[in-house]
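Structure record follows, encoded as structure tokens.
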Amino acid sequence: MNTPEKIRATAAHFFGGKDFTLEENRSGHINSTYFVNSEDGRFVLQKINKNVFTRPEEVMANIAAVTSHIRKKLIEEGKDPDRGVLSFLDSDTGKNFYTDDEGEYWRAYRYIDGMCLNTCDSLGVFTKAGVAFGEFQSYLADFDAGSLFETIKDFHNTEKRYEDLM
């Protein structure tokens with residue numbers, strides 16, 4: 001159960017003794033998400049949904065590999081990696097996630113200010129999203145995708161997904 005006390009205690013594993021406030025983000029669809037506001041800025045705290053992501057440690061290993069690869073590219077280009085890719089915090093266990101006493105997995109990352117849309121009715125916004133996705137793909141062009149875990153079977157199997165749709 002995500003009581004305010006439990007969420008605060010979990011957040012402390014990422015933020016230690018620092019003062020912070022919490023607010024729930026109710027717009028997510030998969031994970032339980034909270035904003036953490038502290039003297040160091042704004043962050044996102046998420047409980048990973050184990051019904052969807054049954055191997056959370058592998059999910060976090062994948063994210064670490066991909067974000068590290070993109071971060072290096074951004075630095076090489078002289079761009080701000082904290083604006084261009086997620087920055088995960090390590091918990092007091094030294095990992096980029098925390099497992100609570102109920103076996104739930106949590107992660108925290110720096111909030112990137114911008115916009116998040118659940119729908120799009122503007123061709124201009126849709127075009128910008130396509131450009132951003134293309135840039136993301138270009139950063140991963142030389143990434144060894146074979147090093148990633150398959151955390152949801154056939155999730156990225158375009159042919160199978162298309163066949164299922166038909």
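The values are calculated or read from the model by the stated rules, or taken from the named source; none is laboratory data. Being a predicted model, the structure only gives us computed values, none of them experimental. No Cβ is skipped: glycine too gets one built from the backbone with ideal geometry, and neighbour counts run over all protein chains shown. Remember, those area values only see protein heavy atoms, side chains included, never the ligands or the DNA or RNA. Shrake-Rupley method; radii C 1.70, N 1.55, O 1.52, S 1.80 Å.
Tabulated results
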read-out	value
Residue-count net charge about G94 - beta-carbon cut-off 15 Å; Lys, Arg +1, Asp, Glu -1	-1
Chain lengthening between T21 and D121 when straightened (0.36 nm per residue, less Cα-Cα)	32.6 nm
Net charge of neighbours whose Cβ lies under 13 Å from the Cβ of G17, counting Lys and Arg as +1 and Asp and Glu as -1	-2
Accessible area per residue, Å², the stretch 62-165 with all protein chains present, probe 1.4 Å	72 Å²
In sequence order, calculated HN-Hα J values of the stretch 39-55 (Karplus, 6.51, -1.76, 1.60; Hz; x Gly/Pro)	4, 8, x, 10, 9, 10, 10, 10, 8, 6, 6, 6, 6, 8, 9, 6, 10
Angle between the chain longest axis and helix 4-15 axis [Cα atoms, degrees, rounded to 10]	70 degrees
Helix 56-76 vs. the chain, principal-axis angle (Cα, 0 to 90°, nearest 10)	70 degrees
Among A64, A11, A141, residue whose mean-square fluctuation peaks in a GNM of the chain (springs only between Cα atoms under 10 Å)	A141
Candidates G114, G84, G130, ranked by Gaussian network fluctuation over the chain, Cα under 10 Å, top entry	G114
Estimated [θ] at 222 nm from DSSP helical runs (n ≥ 4, -39500 (n - 2.57)) normalised by residues in the chain, nearest 500	-11500 deg cm²/dmol
Candidate values (i) 1.13; (ii) 1.59; (iii) 0.98, label of the one derived for Cα Rg over 2.2 N^0.38 Å	(i)
Long-range HN-HN contacts of S32 with modeled amide H, under 5 Å	K47, N49
Neighbourhood charge, 15 Å Cβ-Cβ cut-off, centred on K73 and excluding it, Lys, Arg +1 and Asp, Glu -1	-3
Per-residue ³J(HN,Hα) for the stretch 80-85, Karplus 6.51 cos²θ - 1.76 cosθ + 1.60, θ = phi - 60°, Hz, x for Gly and Pro	7, x, 6, 9, x, 7
For the stretch 102-166, fraction of C-alpha pairs farther apart than 20 Å, in %	62 percent
Cα centre as origin, Lys/Arg/Asp/Glu Cβ charges: the chain dipole, Debye	140 debye
Carbon/sulfur fraction of accessible area - the stretch 98-138, other protein chains in place, 1.4 Å, %	57 percent
Between the stretch 93-124 and the stretch 44-72, the alpha-carbon center distance in angstrom	9 Å
